[in-house]
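Following: one structure in structure tokens, then a few remarks.
The values are calculated or read from the model by the stated rules, or taken from the named source; none is laboratory data. This structure is a prediction, so every number in the text was calculated from the model and none was measured. Positions of Cβ are backbone-derived with ideal geometry, glycine not excepted, and every protein chain shown enters the neighbour counts.
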Amino acid sequence: MDLNALKAALEASPENVPLLLLIAQEHLDRFDLDEADSYLKKATQLQPGHAKVQLLAARLSSLQGHISEAIVRLEALCQKFPEMAEAWLFLASLTVSEGDGPLARGYYEKAVAIDPNLKNDKLLTDIIQAGGASSTRKSGHSEPATNKSLSNGHIESGPFFEGDHFEDDGIPSLDGVLARDLEVDFQLRSDRKFEDVGGMSMVKDEIRMKIIHPLKNPKLFEQYGKKAGGGVLLYGPPGCGKTLMSLATAGEIQSTFLSVGLHQILNMYIGESESRLHDIFQLARRHNPCVLFFDEIDALAADRRDMRQSAGRHLINQFLSELDGAGAHNDGILVLGATNAPWHVDNAFLRPGRFDRIIFVPPPDLEARIEIARICSREKPVIEFSAEEFARKTEGFSGADIRSAFDRATEEALQEALQRGGQIVPITGKKLLKAVKNVRPSTRKWFESARNYALYANQDGLYDDILKYLKMNHS
Ligand SMILES: Nc1ncnc2c1ncn2[C@@H]1O[C@H](COP(=O)(O)OP(=O)(O)OP(=O)(O)O)[C@@H](O)[C@H]1O
Ligand SMILES: [Mg+2]
């Protein structure tokens, strides 16, 4: 929605409550909590008893992390307007986030009875997981599913509405819900180094400045009032070295490196995933200095407007408050994020202060392709090979495409070697160029959609680097 247009309309009728609410809502969606608050206050002064005003006030409280306050507001609202399905549903989602499944189940059923369109499988599953298989509490032994009982043995992550895990009433049974992986990966060591990454010199410099130099020269940095840490978000087409770069950072620094699988956190219960995320940041703080890496950060920060009242929203808010909340002590922590879909990342993440550098990682240029070709031919019997010539023939290739050409040529040589009874057959430049012909550069497709976002959704010039790249390379 066009916020400016709404605000212009408000100037014409400053006491228009529905308009004030629309604007407040829009700000809430954008996580501008202070702005939302000021519009809501105006609306409250004008019409304190308005149901929607109260609903939005509850949303604001929950986004501010005041969950109990939000719940109290909603309980009052539901009592006063018992037909307000949205309010019941919101109450259900907050109640389950507080861990009370059975109570949440009751609220959920009220919401759905009023408005069947509000059925929400995800929420229902979360409720069931929190012990809300039915809305009535069984006295004594209704045991809520605990972390421990779920994490026995290897458990696959993924969708759990599968096969015949449904009870008669179509509600997934706890067996189905068990199919989750609750482990989070912490990668503490890596043997990659910056020299294993071709090109990306800007990214390397940024990481050096933020964590490597400050750790090596703490006194010097202190003199300039600079501390180790900060946030860097890498974005760009697939296969161009974002993940590799993070592994190389891990190898470069002699300190802790935590790589967090967001998909796994997302698979947790509402409420639990937030506290897990908090635990992870706390762990990083305890191990400071440290690099905290979130790959495919769009998974977490996806712009889930439709989920604003449920799990995704809470987790995003938790993440934001960990990044820059007043109580966050993030000195010495470098938060590194990577994504190839920055447009799906919640806007709030892209604002200054969250990640202080948002860096476009383009496909490797000629120089970088030469470097990558050299990296790929290390420790292999490569002969009669010109990295320059190879690089010139691989325009538009990602690092991964280049590696794939090397893999093909290597396999061919190996096959011949096997046929010759184990005699070494070299990987020739000719074989490599032949392999190049069979690899299709994979970055073009990404640029097709990136171009649209850069042209039509280029807020604050965020994607100027993409446009610059396109101008140089595709026109
Ligand atoms: N700049 C590079 N230098 C050396 N190797 C590279 C480079 N970029 C990519 N590669 C090779 O391609 C593989 C895949 O790259 P990587 O996983 O880092 O891509 P990515 O940018 O994270 O992609 P995605 O967006 O799909 O996650 C790497 O493991 C490496 O072998
Ligand atoms: Mg990656």
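Could you check residue 402 against (1) loosely packed, with under 14 Cβ neighbours inside 10 Å; (2) at pLDDT 95 or above and say which number it fails? The single condition residue 402 does not satisfy is (1). I'd like to check something: does segment 460-468 contain any residue that is exposed (fewer than 12 other Cβ atoms within 10 Å of the Cβ) and among the aromatic types (Phe, Trp, Tyr)? No. The single condition from (1) of a type in the set (A, V, I, L, M, F, W, C); (2) at pLDDT below 80; (3) within 23 Å of residue 361 (Cα to Cα) that residue 245 fails is (2).
Looking at segment 371-382, which of the residues that are more than 9 Å from ligand 1 (Cβ to nearest atom) and buried (at least 21 other Cβ atoms within 10 Å of the Cβ) is farthest from residue 405 (Cα to Cα)? Result: 382. Of the helices (runs of 4 or more DSSP H) contained entirely in segment 1-117, those carrying at least 3 residues that are surrounded by 19 or more Cβ atoms within 10 Å (Cβ to Cβ) fall at 17-29, 33-46, 51-63, 67-80, 85-97, 101-114. Residues of segment 208-219 include none that is in contact (Cβ under 8 Å) with a residue 60 or more places away in the chain, within 16 Å of ligand 2 (Cβ to nearest atom), out of contact with any Pro (no Cβ under 7 Å at 6 or more places or on another chain) and not polar (S, T, N, Q). Residue 379 fulfils the conditions (1) in a loop (DSSP other than H, G, I, E, B); (2) in contact (Cβ under 8 Å) with a residue 12 or more places away in the chain except for a single criterion, (2).
Could you check segment 97-134 and list, in sequence order, the residues that are β-branched (Val, Ile, Thr) and over 13 Å from residue 84 (Cα atoms)? Write out each step before concluding.
Initial filter on segment 97-134 (β-branched (Val, Ile, Thr)): 112, 114, 125, 127-128.
Those that are β-branched (Val, Ile, Thr) and over 13 Å from residue 84 (Cα atoms): 125, 127, 128.
Once segment 398-412 is narrowed to residues that are closer than 12 Å to residue 432 by Cβ and hydrophobic (A, V, I, L, M, F, W, C), the residue that is farthest from ligand 2 (Cβ to nearest atom) is 409. Scanning segment 343-370 for residues that are assigned to a helix (DSSP H, G or I) and either basic (Lys, Arg) or crowded, with 22+ Cβ neighbours inside 10 Å (or both) yields 349, 369.
Take segment 224-246 and flag every residue that is of a type in the set (A, V, I, L, M, F, W, C), within 7 Å of ligand 1 (Cβ to nearest atom) and surrounded by 21 or more Cβ atoms within 10 Å (Cβ to Cβ). Result: 240, 245. Only a single criterion out of (1) over 26 Å from the mean Cα position of the chain (by Cα); (2) closer than 23 Å to residue 117 by Cα is not satisfied by residue 57, namely (2).
Assigned to a strand (DSSP E or B) and either more than 17 Å from residue 340 (Cβ to Cβ) or basic (Lys, Arg) (or both) - does that describe any residue in segment 237-251?
No, every residue in segment 237-251 fails to be assigned to a strand (DSSP E or B) and either more than 17 Å from residue 340 (Cβ to Cβ) or basic (Lys, Arg) (or both).
Checking each residue in segment 252-267 for being within 16 Å of ligand 2 (Cβ to nearest atom) and not in a helix (DSSP H, G or I) picks out 257, 259, 260, 261. Looking at the structure I just gave you, is residue 111 within 20 Å of residue 316 (Cα to Cα) and either outside the structural domain of residue 275 (by TED's automatic domain parsing) or in contact (Cβ under 8 Å) with a residue 12 or more places away in the chain (or both)? Judged against the criteria, residue 111 is not a match.
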